[in-house]
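Chemist: One structure follows; several queries about it will come next.
Every number in this text was worked out from the coordinates using simple rules, so none of it is lab data. Please read these numbers as outputs of a predicted model, since none were measured by experiment. So basically every Cβ, Gly included, is an ideal-geometry build from the backbone, and we count neighbours across all protein chains shown.
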Amino acid sequence: MFRNSSVLATAAVVQFLVSLDLSVVNVGLPQIGTALGFSEVGLTWVIHAYALTFGGLLLLGGKAADRYGHKRMLLFGLGLFGVASLLGGFATDPGHLVAARAAQGVGAAALAPAALALLTSTFPTGKARVRAFGVWSAMNAAGGALGVLIGGLLTEYASWRWVMFVNVPMALFALAMTWRGVAADRPRERAGRPDVLGGVLATAGMSLLVFGVVRTDQYAWASAVTVTTLAIAIALLAAFVVVEQTTTRDPLVRLGLFANRSVLGAITYVLLVGAAMASAFYFMSLYLQRVLGTGPALTGIQFLPFAFGVIAGSVLAIKLGYRFAPRSLLIVGGLLAATGFAWFGRASADGTFLTDVLGPSILASLGFGLCLGPVTSIATVGVAPHEAGTASGLLNSARQLGAALGLAALGTAAHRHTGQTAAPGALSDGYAFGLTLCAALLAAAVLIAITVLRRTRTLGPGTPEPARQNVTTGLRQPHSADATSSRRSER
C-alpha cells in the first residue's frame, strides 16, 4: 500500500511538472522577447520548440519505457529536464533558449509515457484505479492552469528567467521521489531487436507534422510551404504504418492496439479535448490582457477559478467513478465543458471578469475535470502490461498533436475573424469566435464517446470485471465464472 501511494505521488508530481511547462512561459513571452532580442516570429519558437520535440518523440518515449523500464526512463527524463531548465534560465541569446526548450521537450517525452504506464500497471482495476487516475488528472490539468499563474507572478515580481529556474527544484524533488519510492522494473524478455526504422519514421513524421502546423502563423495553410511540409509528414507516417505491419523486429507500435475500440475512442476523444483546452488557455489569456487590460500577475490569479474547478471536477470524477461508467463521465464532462465555452463565446469588449469569465471558467473546468481521468483510464484498461507505455505514448501524442493542431487552426480562424484592426471590439469578437469553436470541438468529442466507446460498468470493489477486448484481435472476451473464482482464490 505504501509503495502504491509513493508511485501515485511520483506520477502526479511528474505530470504536474510536464503540464506546467506547457503554459508557464506564455505570460512571460513579451519580457523574454525584449531581453533576448527575439523577432516577433522567432519568439513563438519558445513555445514551439517544446511542443515539437515533446510531440515528435512521445511514441519513441512510450516504447522505450516498455522496453527499458519505467523507473529508468523517469530518472533519465527528469535529469535531462532539470539540466535543460537550468541552462535555459541562463540563456543569453534566442538560440540558447530555444535549444533549452527543445531539450525540455525531449525530457518530457521520456517522462510522460513512463509515468502514465507506471500508474496503469500499479493500479490495473477497481476502486484504487479510479482514485489514482482522478488524482493524476487533477495534477495534469492543474499544472497547465497554475502555470499561467506561476508564470505571471514570477515574470512580474522576479524575472522571466525564473519561469525556467522554477523547474529545477521540482525536477530534483521528483527525481528523489522516483529513486526512493518507485521499484525497479523487472527486466522483460524482448521480442527482438529494436525497430529503428519505425522509430525514425514515427519521430520524423510526428515532428514534421507538428512543425508544419505550428508554422501556420508564418505560412498560410494553403501555402506551398505548409502543404509540402504536411504532405511529407503524412507520407512518413504512412511509411511508418507499412513498416510496423511488415517488420521482423520488435515494432514501435503494434497496430493491433487500434483494434481495441477503447484505445481508438480514447485517443480520438483526447485529441479533440487537447485541441480545445490549449486553444482556450490561449484565447482566455489574450482576452484578459488585450481586451480587459489585465496585467500578467492578475491574469494568472484570474485563472485560479479554472484551476480549482478542474481539481474539483477530478475529485467529483473519483466519487462518481465508483457508481458510473467512465464513458458516462466523458459524455457529461464534455457537455459541461462545451456549454462553458459556448458561454465564453458571448464575451464582449465591454465585459468584465465577473460577467464574462468567472461563470464559464467554473462550468468548463468542472467538465474538464470530470473527463480527463476517465479518458486516460479507458485508453489503458484493456492493454497488456508490457504495452502500457506504448498506449500511454499514443494518448500523450494525441493530446500534444491536438493542442498543436487546435491552437494553429483555431488561432488562424480567430485572427481572420478579427481582421487587421487591433481595436478591443474586433479582438473580443475574434477571441469569442475561437472559444465558440472550442465548444464545437468538445461537442464532437462527446459524439465520439457516444458512438465509438462501448457501454461498460464501472469496476467497484468486489465487482467482476466487464468483458474486455482482446488487444490482438479486437474481439470481446467475457470472463467466465471459473476465471472469476480463480482470481478470487488467488487473492
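Chemist: Count charges around Met284 for me, please; just the other residues with Cβ under 13 Å from its Cβ, Lys/Arg as +1, Asp/Glu as -1.
Modeler: 0
Chemist: When Lys and Arg each count +1 and Asp and Glu each count -1, what net charge do the other residues less than 10 Å away from Ala202, Cβ to Cβ, add up to?
Modeler: -1
Chemist: Taking a virtual spin label 7 Å from the Cα of Gln218 along the C-beta vector, which residues in the range 89-106 bring their backbone nitrogen under 18 Å of it?
Modeler: Residues passing the 18 Å test: 93-103.
Chemist: Evaluate the range 196-251: find the radius of gyration of its Cα atoms, find its Kirkwood radius, and give the ratio Rg to Rh.
Modeler: Rg/Rh for the range 196-251 comes to 1.10.
Chemist: How much net charge surrounds Ala35 when only the other residues with a Cβ under 13 Å from the Cβ of Ala35 are counted, with Lys and Arg +1 and Asp and Glu -1?
Modeler: Once all neighbours under 13 Å are counted, the net charge is 0.
Chemist: Can you list residues whose amide H is under 5 Å from Asp250's amide H, if they're 5+ apart or on another chain and H is modeled 1.01 Å from N?
Modeler: Long-range HN contacts for Asp250: Gly192, Arg193, Asp195.
Chemist: For the range 335-443, which trypsin sites (Lys or Arg not before Pro) pass both filters: DSSP loop (anything but H, G, I, E, B) and at most 14 other C-beta atoms within 10 Å?
Modeler: Sites meeting the loop and neighbour criteria: Arg346.
Chemist: Can you find, among Leu453, Ala280, Thr299, the residue sitting farthest towards the positive end of the charge dipole of the chain, where Lys and Arg contribute +1 and Asp and Glu -1 at Cβ?
Modeler: It is Leu453, whose Cα lies furthest towards the positive end.
Chemist: Another question, then. Listed highest first by mean packing, meaning other Cβ atoms within 10 Å per residue, what order do 288-295, 9-16, 225-232 come in?
Modeler: 9-16, 288-295, 225-232
Chemist: Among (1) 2.28; (2) 0.94; (3) 1.38, only one was calculated for this model; which label is it, if the read-out is Cα Rg over 2.2 N^0.38 Å?
Modeler: (2)
Chemist: Which residues in the range 220-247 have a backbone N closer than 17 Å to a point placed 7 Å from the Cα of Val200 along the Cα-to-Cβ line?
Modeler: Those under the cut-off are 233, 235-247.
Chemist: Related question: Please list log₁₀ I(q)/I(0) at q = 0.09 Å⁻¹ for the range 1-138, using the Debye equation with identical point scatterers on the alpha-carbon positions.
Modeler: Each listed q maps to, in turn, -0.31.
Chemist: Further, regarding this structure: I'd like the GluC sites (Glu not before Pro) in the range 156-265 restricted to DSSP loop residues with at most 12 other Cβ atoms within 10 Å, sorted by number.
Modeler: Glu189
Chemist: Turning to a different aspect of this structure: For the range 24-102, what is the per residue volume of the convex hull drawn over the alpha-carbon atoms, in cubic angstrom?
Modeler: About 84 Å³ per residue, rounded to a whole number.
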